Amino acid sequence: MKKIELNFLLFFILASIVSLFSCTKDKTPYLADPNCVDTVSFSASVLPILQQNCFSCHGVGNTTGFVFSNHVNISSQSDAIIGAMQNQGFQLMPKGGPQLPDSTIQTIKCWIVQGKLDN
């Protein structure tokens, strides 16, 4: 009986070690994007993109439910913003299209990957 318990204990320890070192972090497709080299500035890059393309409907005082008035609002809704820009799970935005250029969307993605900095 003790030999079975010892074998089970050794197997459990070995399996735990293997699983610990074999874990990998799941990544969303754009997290591994090599284009995210330079730090994206919220105030110099992200905010102007949203002001130019989104504020007419999503600025202060709108009734759409999505208000992009400050860093907190924008960063908390970043998944919806990207989803709408790419027509993935959300209506394509800006409303009526066309889709924003890939480089513009990439800037927002990089900002998200870099931690949605308030810079």
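Coordinate-derived values only; no laboratory data. Note that this is a predicted model, so its numbers are computed, not measured. Counting neighbours? That spans all protein chains shown, and the Cβs are built from the backbone with ideal geometry, glycine included.
Brief remarks follow.
- Where trypsin sites (Lys or Arg not before Pro) fall in DSSP loop in the stretch 38-119, at most 14 other Cβ within 10 Å: 95
- Computed Kirkwood radius, in angstrom, where 1/r is averaged over Cα pairs of the stretch 39-92: 11.4
- Between residue 95 and residue 72, full extension at 0.36 nm per residue minus the direct alpha carbon distance yields a gain of 6.0 nm.
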